[in-house]
Amino acid sequence: MLDAILRRFIPNDHQTHDSSLRERCGLLAGGVGLGLNILLFAVKLCAGVLTGAISVTADAFNNLSDAAGSAVTLAGFKLASQRADERHPFGHGRIEYLAGLGVSLLILLVGVELGRGSLEKIFHPEETALTPLAVCLLLVSIAVKLWMGWFYAALGKRIDSSALCAAATDARSDVLATSAVLLGLLASRLFQVPLDGWLGLLVAAFILRSGWGAARDTLDPLLGTPPDPAMVADIEALILSHPQILGIHDLVIHDYGPGRRMMSVHAEVPADGSLVELHAVIDQAERELGERFGLEAVIHLDPVERGDPRSDRLRALTEELARELDPAATVHDFRCGGGGQVAFDVVVSYDVTLSDEEVRQALTEKLLAREPGCAPVIGVDRSYVL
């Protein structure tokens, strides 16, 4: 069904990383959400008048807040699609994350308000009337919200949009909220027991949990997260497929919004290799990374000496000692200088509780105990461990 909808409204829908496609998908989702939520607000408001139930009227205003969320989604995708400019050379893609955060905050607000209203109904229950027309209206609204949740989730997954995934979470929460309201009204009618307040409170807790999860998912890319391990492995395999490149380290991927990623990495190459040849290899690897992963890559060359017996022995020793501190530790930029100097960088995981200075001191002591004549110069990294 999603494919049929996209083919009808969005040509070339298979190009999921195209920025103009993302804008069109976002505008389609925002327009659908805005129209349907306003319609549902009107439907539930009528049901609230028919039943005299405050919970139904509150649920109607819940949909009005969803309409505001759809407007935020529309604005977010439109602003995110703006081209890079002098003040924002990396584009405006992160606005989409902010739009998702805005939707998440609306979910939290709805959860708080629903919880407050439910508590009031627990302490001050009110008699409500339930008509067949009101039941039909609520059931139709539940069906519409189920479809919207599916639509947002499928489209969000298709274009990798955190804003649309947050909207899908909101739609599913609305299904539960409306269902709880309907069950509460039915229970009050059949058993003369005011259960709708308690059910509303449980749903409010679920909505708050969902809103917090959606907010966390949109905050993570704004704060910065490590790259996906599977993607790191694919990147490493692609770069090392060039035999002139001996190893990589310090891989960093900057996320400026969906479809707008930059990457930098250090590549170890033979110190006695041809600079012109190595430069051509690096250029080729950068192009391949851009074509395969849709990101702008910059590779820094690190010349390393291989084949020298003393250098190879000391490198193996430092790697062994580093792994005694942290089994995941790696060593790079290893070089031997005059006067017994041994310089290298060690990468340790965040599980190591020692400070950087303590790591440096511990490695220095271990190295001097095994190689008394050396002069260690150690850099400590924690950001990315390959």
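The values are calculated or read from the model by the stated rules, or taken from the named source; none is laboratory data. Not measured: the values here are computed from a predicted model. Backbone-built Cβ (ideal geometry, glycine too); neighbour counts: all protein chains shown.
Couple of notes before you dig in:
Listed here are the residues, each with its yes/no results for (1) over 30 Å from D283 (Cβ atoms); (2) of a type outside the set (K, R); (3) without any contact (Cβ under 8 Å) to a residue 40 or more places away in the chain.
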| residue | (1), (2), (3) |
| --- | --- |
| G149 | yes, yes, yes |
| S161 | yes, yes, no |
| A171 | yes, yes, no |
| R189 | yes, no, no |
| L202 | yes, yes, yes |
| A205 | yes, yes, no |
| S210 | yes, yes, no |
| D217 | yes, yes, no |
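- The residues listed here are G294, G257; of these, the one that is exposed (fewer than 15 other Cβ atoms within 10 Å of the Cβ), in contact (Cβ under 8 Å) with a residue 60 or more places away in the chain, farther than 23 Å from Y350 by Cβ and outside the structural domain of D59 (by TED's automatic domain parsing) is G294.
- Sole exception among (1) within 30 Å of the chain's Cα centre (by Cα); (2) of a type in the set (A, V, I, L, M, F, W, C); (3) surrounded by 17 or more Cβ atoms within 10 Å (Cβ to Cβ) for L354, by number: (3)
- Here R315 does not fit the description of being buried (at least 17 other Cβ atoms within 10 Å of the Cβ) and within 30 Å of S162 (Cα to Cα).
- Among the residues making up the stretch 354-379, those that are of a type outside the set (A, V, I, L, M), in contact (Cβ under 8 Å) with a residue 40 or more places away in the chain and under 15 Å from E320 (Cα atoms) are K366, R370, E371.
- Here V181 clears all of (1) in a helix (DSSP H, G or I); (2) touching a residue at least 12 places away in the same chain (Cβ under 8 Å); (3) over 16 Å from S65 (Cβ atoms) except the condition numbered (3).
- Some residue of the stretch 139-162 being out of contact with any His (no Cβ under 9 Å at 6 or more places or on another chain), at pLDDT below 80 and aliphatic (A, V, I, L, M): no
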